Structures are given as structure tokens and as C-alpha cells.
1. Give me the net charge of Lys108's neighbourhood, meaning all other residues with Cβ under 14 Å from the Cβ of Lys108; Lys, Arg count +1, Asp, Glu -1.
2. What ranking do Tyr154, Tyr73, Tyr189 get, fewest neighbouring Cβ atoms within 10 angstrom at the top?
3. Exactly which GluC sites (Glu not before Pro) in the range 117-203 are in a DSSP loop and have at most 12 other Cβ atoms within 10 Å?
4. Determine, from the Cβ-Cβ distance of Lys144 and Phe113 and an R0 of 25 Å, the FRET efficiency 1/(1 + (r/R0)^6), rounded to the nearest 0.05.
5. Sort Ser159, Ser169 so that the residue with the fewest other Cβ atoms within 10 Å of its own Cβ comes first and the one with the most comes last.
6. Starting from the Cα gyration tensor of the range 17-103, take the square roots of the eigenvalues, sort them a ≥ b ≥ c, and report rounded, prolate or oblate (rounded when a/c is under 1.5, otherwise prolate if a/b is larger than b/c, else oblate).
7. With each label point set 7 Å from Cα along the Cα-Cβ vector, what nm distance links Ser68 and Lys136?
8. Going through the cross-link list Lys104/Lys216; Lys58/Lys112; Lys58/Lys91; Lys91/Lys204; Lys93/Lys204, which pairs have a Cα-Cα distance over 27 Å in this structure?
Amino acid sequence: MAIMEVELIPVEVPRDDGHQVCLTQIIWNDCQEFLERELEENFSQFGLVHRASAFRKKNCFAEEENNSKWFAYVVFYSTWDFEKALQSDGKIKIGETEIRIWKKARNKPHQKFLLPLHKAQELLTHYFGFNCWTSKVIYLEREKEVERPDVIRYVCMVSVNLPREDLCSEGVGIGEVPLNEASPISRGYTFCCGRRFAFQSAMKAAFSKFIIIRLKNGKITAEVDTTQCDPLIYDPAWDNPVVKVNDVNYDPDDEEECEDLEDMTEEQLEELLNVPL
């Protein structure tokens, strides 16, 4: 029985090892931005590119702006796309020169970083198509009890859904912004920024819990990583505040005191029960 090959692609910044290719001896006479755009366009034939970074080589015999020698790194989300780039003819044309593709020799230790929101959306859209997800704000409120006097703090909780996969991921985010009491305009802007930062943090957290599952036969699905922890635990009581009684229409002290049954005579008890003798 053949074993189905599976790749797991977390919605996070990909690690260097198994994802990053290196290019040297690039001859480029334009700016860094255009070179990185050229690299991303060329390498997108192998799969979705997370980042293309180009650097000018240091040359003590030429001024930096006149130096046309560069090197670059291209990072893929998928290890399969990375391997596809390495297993191609080994070269790619940048400008007018064919550049050899190498595997990076030394990689940095991996640290988990959440993707920027637009990158996370781009990754899901690449594998599941446009309009593949929906979102809903569950909670967005200011936390006055725990914020400092010079800081506005908002907490937001969102749910992100993949309807086709019948999956839902929830994320909690905190937005803290310094407050300038002297300016009313600045105060209003601070409140807007706090809400926006909390919302964006919650959305990033929700997206980061998705894991894309890719099969060699071309099928794509996803799951939710339930082991990830949010910065705080959502309290359902946020949506159902405790009812507080502010007023009553009677005074409990005015109620008549009731006699205990043990203190009542037999006649009084029969009269109370309206039982004939």
C-alpha cells in the first residue's frame, strides 16, 4: 500500500531551513526594490514566495551606487516548492544573466513569528481561492480596570471561518496606545488606534492557528491548531454581564413578621387553615 505524502504549511513566517534558496553573482544595474520584484516574479513559477531579499556586494574598489554585483535570498512557504526550485535546471535568468540556484548553507535557529495580516490572507487565498474565509468580531471593548493612566488598552476577540472546510479559528488581541490628555484630537485618534491594533492582533492570532495540509495528489485541506495559547483567556461573561439591581419597589423592613407555627395555639392554627371543629 502506497503511503500518501503530506506537507503541513503553518500560517506563520517560514523557517530558513528547507525554505530558503540563495543566489550569488547577480549583475543588476537598477535599484534594490526592482531586483526583489524581479526575483519574486521569476520564482513564483515554483510556488508562492514569502519574501525575496537582495543585497549589494561590498566592493572596496567601486562606489556603492556604481556597484552592480548583488546576492539574494528567496524564501518559500512550502518545502515542496523550495525543492522544486532546487531540482529545476539549477539556473534562473535575472536581467540578462543566468544565475545558479543554491541551497543556503547556514540557517538561523527558527523562532516563531506571526505573519503580517495581509501575508496570512494572501497565503490562504493562494491555496483556497478568493473569498475563502469570513471573519466576525465577537468582542471589542476597552479595559479601563487594567490600563495605566497614560495608556489606552483594548481587547478584541474575532473568529475566522473557512466555510468550505467547515473550520473556525478564534483569536484574541490586545491593543495598547499611549494617551495624550492635552489634545482632544490626539485622544480621539488614540482610541481609534487602540481598537484597530487590538482587531489586527486578534485577526493575526486567529489566522496563525490554521495549518494548511497539502497532498501530493494536489488536494488541499486545513486544520486548526488547538494547542496555541492566546495572550488572555476569553471570558463568556463579557457578552453576558451580571444583572445589577439598582432599585426595588418595596422596603423589606416593612414586611410583617410571621409567627412561627410552634408558637401558635391550636385554635389559631385551625382558624388559619379554615378547618371546622
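Read-outs throughout are calculated quantities, based only on the coordinates presented, and are distinct from any laboratory measurement. All values derive from a computational prediction rather than experimental measurement. Positions of Cβ are generated from backbone atoms using ideal geometry, with glycine treated the same way; all protein chains shown enter the neighbour counts.
1. On the way: positive: Arg15, Arg51, Lys104, Arg106, Lys112; negative: Asp16, Asp17.
That sum, taken over residues with Cβ under 14 Å, equals +3.
2. Working: Tyr154 24, Tyr73 16, Tyr189 13.
The fewest-first ordering by Cβ neighbours comes to Tyr189, Tyr73, Tyr154.
3. Glu145, Glu181
4. On the way: r = 31 Å, r/R0 = 1.24.
So the FRET efficiency works out to roughly 0.20.
5. Values: Ser159 15, Ser169 24.
With the sparsest Cβ surroundings first, the list reads Ser159, Ser169.
6. Details: a/c = 2.09, a/b = 2.01, b/c = 1.04.
Here the range 17-103 falls in the prolate category.
7. 5.9
8. Values: Lys104/Lys216 25 Å; Lys58/Lys112 31 Å; Lys58/Lys91 24 Å; Lys91/Lys204 36 Å; Lys93/Lys204 36 Å.
With Cα atoms farther than 27 Å apart: Lys58/Lys112; Lys91/Lys204; Lys93/Lys204.
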